[in-house]
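Notes follow the structure.
The values are calculated or read from the model by the stated rules, or taken from the named source; none is laboratory data. These numbers were taken from a predicted model, which means no experiment stands behind them. Because the Cβ atoms are built from the backbone with ideal geometry, glycine has one as well, and the counts that use them run over all protein chains shown.
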Amino acid sequence: MHPDGEVGVAAPKGLRLTKIEEAISDKADWILQQQESFRQLQRGFPRQFISGESYFYMGRQYRLKVRRSQARDAVPAIRLYGGCFEVVVPSTVSADGRSNVVRQQLVYWYCNRAQEVLPEMVSRYCQCLALNQPELSVRQMSKRWGSCNGDNRITINWQILMAPRRLTEYVVAHELVHLVHHDHSRAFWRLFERLMPDFETRRQELAIHGAKYQL
């Protein structure tokens, strides 16, 4: 079960599709309950974007410090400094608008980091798969960690940068394998396992902890 509600099934080699479908049908009520649990869990961590909150980057938590600037030429800014996310908000911004500014700065920072971190991962796994490097898009996705289309392009949810590096690698590798196999066929999983032998462990970790790696 993935945090977006997607259900994955692992079955013994050679098991008939009808048997798999029967097993899924038998678990239908449980699956629906788990999907609702994930939705409630994700709603259970409302962000206020105020000093004292913690935000993840590469699996590590950093405290948020929001500082108002009285300078006339002050503009919103963010940096990771001294183990904290420090966000500068001009004093002209109202109290109601302050949280929006802080959130925008965090999104800006994560997106920039994603553009720095992800290309290296993509390049490394493309070499392993003997693939031409695809076009990489980074954006926020509400229901997926990543996606792949037929135009040699992959999209990665920047929020995965909050998770430990091994989980970001899992998402990147998953989408790149889809450039070879566009479905979740046996061939897909065999290739994925050759590329990342512990992919199942990483997938389970992301399913369990993924809800907290969202803004």
- Kindly indicate whether any position in region 193-202 is in contact with a Pro (Cβ under 7 Å, 6 or more places away or on another chain), in a loop (DSSP other than H, G, I, E, B) and not β-branched (V, I, T). no
- Message: For the condition closer than 21 Å to H209 by Cα and in contact (Cβ under 8 Å) with a residue 60 or more places away in the chain, what is the one hit in R144, R166, R103, R139?
- Response: R144
- Task: Check L80 against each of (1) more than 29 Å from R203 (Cα to Cα); (2) surrounded by fewer than 16 Cβ atoms within 10 Å (Cβ to Cβ); (3) in contact with a helix residue (DSSP H, G or I) (Cβ under 9 Å, 6 or more places away or on another chain); (4) aliphatic (A, V, I, L, M) and name the one condition it does not meet.
- Result: (1)
- Message: Please count how many residues of region 83-106 are surrounded by fewer than 16 Cβ atoms within 10 Å (Cβ to Cβ), out of contact with any strand residue (DSSP E or B) (no Cβ under 8 Å at 6 or more places or on another chain) and either modelled with pLDDT under 95 or not basic (K, R) (or both).
- Response: 7
- Among the residues of region 50-67, how many are free of Cβ contacts under 8 Å to residues at least 24 places away in the same chain and more than 16 Å from Q214 (Cα to Cα)? 4
- Residue set A11, A23; condition among the small types (G, A, S), surrounded by 11 or more Cβ atoms within 10 Å (Cβ to Cβ), at pLDDT 70 or above and assigned to a helix (DSSP H, G or I); output residue A23
- Wholly within region 51-170, which strands (runs of 3 or more DSSP E) include no fewer than the required count, namely at least 1 residues that are closer than 20 Å to D183 by Cα? 135-139, 146-149, 153-157
